[in-house]
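Notes to accompany the following structure.
The values are calculated or read from the model by the stated rules, or taken from the named source; none is laboratory data. Keep in mind that this is a model prediction, so the values were computed, not measured. Cβ placement follows ideal geometry from the backbone for every residue including glycine, while neighbour counts extend to all protein chains displayed. Calculation scope for accessible area: heavy atoms of the full protein, side chains included, ligands and nucleic acids excluded. Shrake-Rupley method; radii C 1.70, N 1.55, O 1.52, S 1.80 Å.
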Amino acid sequence: MESSRSSSFFQDLSSRELNGFRVRKRPRFAADFALSFKEVGALAIEHNGDQTPPLAVSFCKTLKNSHIFALSDEDGIVSLFNTRSRFSLFSSHQENSENSRICEWEAHRNAVFDVCWLKDDTQMITASGDQSMKLWDVQEMKCIGILRGHKGSVKSISSHPTNHDIIVSGSRDGSFALWDLRTPSCSKVGNKELCLRASAVVKGAHLSPHAKRIRRQKSASKSITSVLYLKDELSVATAGAVDSVVKFWDTRNLKNAITWCQPKSSDKDTRLHGISSLSQDANGSLLSASCMDNRIYLYNVLQLEKGPMKSFSGCQIDSFFVKSVISPDASYLLSGSTDGNAHIWQVDKPHEDPITLTKHNGEVSAVDWSSFEVGKFVTSSDDFTVRIWNSQNSSCSSSKRATSCNRKRIMAMPTLEQAKDSDSSDSPYFDRANGNIMEPKLGTPESKVKRFLSDAALIESFEKTPEATAKSPSSVLIPPSSMKRKTIRDYFLVAS
């Protein structure tokens, strides 16, 4: 099955170290891209005639399914919608929903606060107010596992960037937990479902400095509102309701946060402001944080000690349901707002007023960009609708990611055995019923293998020289033992 994922900043550095390739520049949208957005269609969120507010939206992560997004709501229902459906100007929101809905099912008997796609969009994890998470076979709409251990609503989940068997979750009980879906420490629930236990739990990750004075009913003060598995594959970022601190943890040693960052507060405003959401771009070099002071802060993960590199204002963030997300190419920042509008900023122009999208009639909460369809995004609102948007004048095809317009794709050639059977090009939601999809067997020419082995020997000999310690990119990713760098902190702290 086609995966079509772009490499992260850290993976690019590894490629340059091993192969001598120049790290590609991050692709960008056309200069006039943000000047014109249009609404493609609006969907009503209701079940059996009863309206319900949406809580989370998430586009599929593979190229073939990039037009499909999942939506969860307060009733515990998960729905999948096709954004390529034809939306008539004369159709009602209810008709649009019926025409574009692929499927829906009751995931929990409580609100579903977050969803996370896994394993080429064949599986999904849902996080609920019933203090549990569930693992789903998406095509069968069947629960294949339950994750229990939190003692409060599960507010946020994120998967490892390359190993989707590893999950991080954050809860209203003030803890975040790591889960391994392959863990043997599980038990049967009924005949088929597995109940998994967390591999590691960090309690009180964002406690208030005045925690002892806070009454028990004010549990939101310690809540984890957002978690994010970073692209370096080792670090986790967490944020909470108590203040604007973003903490970074090394998953190999969770005893203490390795570093943290926080915007500087003004002398006039001494209140503590929580963070509603975190997001990162496709390369993993930038991280955004939506703060309850009505600002969105942008950090360079390699220079966290410098604080936020940019901040964006113009939206109103009065609740923790208002989210923001940076575009995959890090060119644009999209946010919901309590004022009933969605806002978009150009990342390289933080001081300019945002573009305001005014179609909603209630607080705009969850938002998300399509990973591969340039300029397409969705916004959800308390007016019980989800709206699909697209750019009116994109220089790239709407079915391709920005990266495809700026670089050539290098692919390994399939072997002759695979060439005889290559009929699995459709979406897995529609063609898997007839049998298993064969994974391609990729082959590398013998001459390339020899060249790689010779290059590896050259690199090994180079690393033994004194110059290698200071000049090799391995000082960033795989530091020499002489430098005694043993934690992920070195990813974030830049040598002066």
* Structure fact -> Result of the Cβ filter at 7 Å on segment 89-117, keeping first residues that are in contact (Cβ under 8 Å) with a residue 24 or more places away in the chain and partners that are part of a loop (DSSP other than H, G, I, E, B) and open to solvent by 30 Å² or more (accessible area, probe 1.4 Å), at least 6 apart or interchain, is ASN96/PHE87; CYS103/MET141; TRP105/MET141; HIS108/ASP130; ARG109/ASP130; ASN110/ASP130; ALA111/GLU74; TRP117/LYS61
* Taking into account only those residues within segment 162-185 that are under 13 Å from THR251 (Cα atoms) and among the β-branched types (Val, Ile, Thr), which is most open to solvent (accessible area, probe 1.4 Å)? -> ILE166
* Asked: Checking CYS195 against (1) at pLDDT 95 or above; (2) part of a strand (DSSP E or B); (3) open to solvent by less than 40 Å² (accessible area, probe 1.4 Å), which single condition isn't satisfied?
  -> (1)
* Among the numbered criteria (1) without any contact (Cβ under 8 Å) to a residue 24 or more places away in the chain; (2) under 20 Å from the mean Cα position of the chain (by Cα), which single criterion is violated by THR83? -> (1)
* To do: May I ask you to say which residue of LEU63, LEU43 is modelled with pLDDT of 90 or more and either in contact with a strand residue (DSSP E or B) (Cβ under 9 Å, 6 or more places away or on another chain) or not in a loop (DSSP other than H, G, I, E, B) (or both)?
  => LEU43
* To do: Scan (1) touching a Gly at 6+ places or on another chain (Cβ under 7 Å); (2) open to solvent by less than 30 Å² (accessible area, probe 1.4 Å) for the single condition LYS323 breaks and write down its number.
  => (2)
* Go through segment 123-152 and count every residue that is more than 22 Å from the chain's Cα centre (by Cα) and of a type in the set (Gly, Ala, Ser). => 2
* Report whether or not LEU298 is surrounded by fewer than 24 Cβ atoms within 10 Å (Cβ to Cβ), at pLDDT 95 or above, of a type in the set (A, V, I, L, M) and over 19 Å from LEU272 (Cβ atoms). => yes
* To do: Could you tell me which of the residues GLN123, GLN131 is open to solvent by 50 Å² or more (accessible area, probe 1.4 Å), polar (S, T, N, Q) and without any contact (Cβ under 8 Å) to a residue 60 or more places away in the chain?
  => GLN131
* Asked: Which of (1) modelled with pLDDT under 95; (2) crowded, with 21+ Cβ neighbours inside 10 Å is the odd one out, the single condition GLY145 does not satisfy?
  -> (2)
* Which of the residues belonging to segment 233-242 are out of contact with any Asp or Glu (no Cβ under 8 Å at 6 or more places or on another chain) and either surrounded by fewer than 20 Cβ atoms within 10 Å (Cβ to Cβ) or hydrophobic (A, V, I, L, M, F, W, C) (or both)? -> GLU233, VAL236, ALA237, ALA239, ALA241, VAL242
